[in-house]
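Step one of this worksheet: look at the structure below.
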Amino acid sequence: MEWYHYLIILFVLFIISLVVIKINKKDFSSEVNKLIKYLGGKDNIINAECNMSRFKVILKDITIVDKAGIQKLGAQGIVEIDNQLKIVFGKDAKKLKECIKGIMK
């Protein structure tokens, strides 16, 4: 084979890898907007923190939270303590917290 055949194969493999990465990448902005909605809106969130796989959020009114909606986003568990929720999101918890903090500013 000529050298340009290798170059074409390498280019095709590069394009395929970019497509696979794009498909596997989550759209966090969409998920964060849904999470904020399920938490009762931006005005209902007092503070958001992250500890390993858990996302902790302190709320003004916990009664307006849509827990079923949060679980549809991939939450593996939700614990309610007074006016705060501890939501287990796995490895995505830190990324979600960063996005919410960015929106809250």
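The values are calculated or read from the model by the stated rules, or taken from the named source; none is laboratory data. Owing to the predicted nature of the structure, the values given are computational and were not obtained by experimental measurement. Glycine also receives a Cβ, built like all others from the backbone with ideal geometry; neighbour counts cover every protein chain displayed. To get the accessible areas, we keep the full protein, side chains included, count just its heavy atoms, and leave off ligands, DNA and RNA. Shrake-Rupley method; radii C 1.70, N 1.55, O 1.52, S 1.80 Å.
Share of the chain's accessible area from carbon and sulfur, percent, 1.4 Å?
Heavy-atom surface of the chain belonging to carbon and sulfur, 1.4 Å probe: 59 percent.
When only alpha-carbon atoms count, how far does the range 27-81 stretch along each of its three principal axes, as whole angstroms with the largest first?
26, 22, 18
Expressed as an acute angle from 0 to 90° and rounded to the nearest 10, what is the orientation of the C-alpha long axis of helix 93-104 relative to the principal long axis of the chain?
For 93-104 against the chain, the angle is about 70 degrees.
Given the options Gln71, Ile9, Val19, identify the residue whose Cα lies farthest towards the positive end of the charge dipole of the chain (+1 on Cβ of Lys, Arg; -1 on Cβ of Asp, Glu).
Gln71
In square angstrom, what is the accessible area per residue of the chain with a 1.4 angstrom probe? Present the calculation step by step, with values, prior to reporting the outcome.
Values: 7350 Å² over 105 residues.
Per residue, the chain has an accessible area of 70 Å².
Nothing charged except the Cβ atoms of Lys and Arg (+1) and of Asp and Glu (-1): what's the magnitude of the dipole of the chain about its Cα centre? Round to the nearest 20 debye.
160 debye
Need one number: convex hull volume per residue for the chain, Cα atoms only, in Å³.
115 Å³
Calculate log10 I(q)/I(0) of the range 58-102 for q = 0.34 Å⁻¹, where I(q) comes from the Debye formula with a single equal point scatterer on each Cα and nothing for solvent.
Taking Cα atoms of the range 58-102 as identical point scatterers yields -1.23.
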